[in-house]
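Working notes, beginning with the structure itself.
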Amino acid sequence: MTKQSSAKQSKAKRPAAKQYPGASLASWIGGARLRTLPLAVSPVIVGAALAGMVRSYSPLLTALALAVSVLLQIGVNYSNDYSDGVRGTDDYRVGPARLTGSGLVNPKHVLAAALSCFGLVALAGLAAVLLSQQWWFLALGLVAIVAAWFYTGGKRPYGYNALGEVMVFIFFGPVATCGTYWLQSQIPLQEMWWFGSAIGLFAVAVLIANNIRDIENDKLAGKKTLSVLIGARASKVLFTIAMLVPFAFAVLHLPFYLLMVLVLLDLLIVLLTILIIWTAKTARELILVLQLSSAASLVYAILLAFALVGVVWA
């Protein structure tokens, strides 16, 4: 047998490369999961309002903090898409198809999108550090990026071991809120911890709503979320608590900020959301809960900002 014929046979036996049809721009936008972005915007609004309250507000630093928070959220979403897709977790999911799990896009391209977002986070964070001269933020930024990746990435993702709610609370609550504030002012304020925690609880509620919807599918995929461990009923109780406690924080501060009463208007959305999650029969209804709880976070942040900055105007 000649070398040429041997090469031809070897080439014939080689499996064909997998073909990926490709995804539309709308699919990539869907992969960014825009409905979760209010969770990234809300803590920045509150942190900026606190800075405004002590007359240290910086539009540029706020914009950079917003870029970091939003890009980090999008990066997490693409990273989850990639990691869950290559693990096969999304083979069991309900709801909109993911870029990787659907087989439309080469997983490497989804990974590249996630890493690109994390790179932009690093650039925006570095710019914020250079302007504020607060060098310890470099370490905080690195920790945030690492935490974003290992939510579903790596060999032992913490999102698969019932720690997702804890990390979401920390990074999309006190860390993002206090970080936005500390970029602009070093005046100690207890309010940043109270209301950073309030925003973090909304983020926890959104994740719980998502995980309640996926309990059965996550069991099949071997994904041990908190909702898988404690069940749907206990998860709904925890969701209700997470959605209502932020208003207890607002009431506690009402004697000091009279406009805090505006925040209670958000209860209209929150109570409706709680009603739906307790009566939901379908995945579609739980997706609505996810969207409403995310919107409630943003409304809470905006009304809270008015209440805090109103002290300066008065």
For residues in region 184-200 being farther than 24 Å from residue 127 by Cβ and surrounded by fewer than 24 Cβ atoms within 10 Å (Cβ to Cβ), which is farthest from the chain's Cα centre (by Cα)?
188
Within the set of pairs 6+ apart or on separate chains, which have a first residue in region 229-244 that is free of Cβ contacts under 8 Å to residues at least 24 places away in the same chain, a second that is in a helix (DSSP H, G or I) and surrounded by 13 or more Cβ atoms within 10 Å (Cβ to Cβ), and C-beta atoms under 8 Å apart?
230/238; 231/215; 232/212; 232/215
All but one of (1) in a helix (DSSP H, G or I); (2) at pLDDT below 95 hold for residue 198; which doesn't?
(2)
State whether the residues of region 171-183 include one that is surrounded by fewer than 19 Cβ atoms within 10 Å (Cβ to Cβ) and part of a helix (DSSP H, G or I).
no
Out of everything in region 272-314 that is touching a Ser or Thr at 6+ places or on another chain (Cβ under 9 Å) and aromatic (Phe, Trp, Tyr), what residue ends up being surrounded by the fewest Cβ atoms within 10 Å (Cβ to Cβ)?
278
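The values are calculated or read from the model by the stated rules, or taken from the named source; none is laboratory data. These figures come from a predicted structure and were not determined experimentally. FYI the Cβ positions are ideal-geometry reconstructions off the backbone, even for glycines, and counts take in every protein chain you see.
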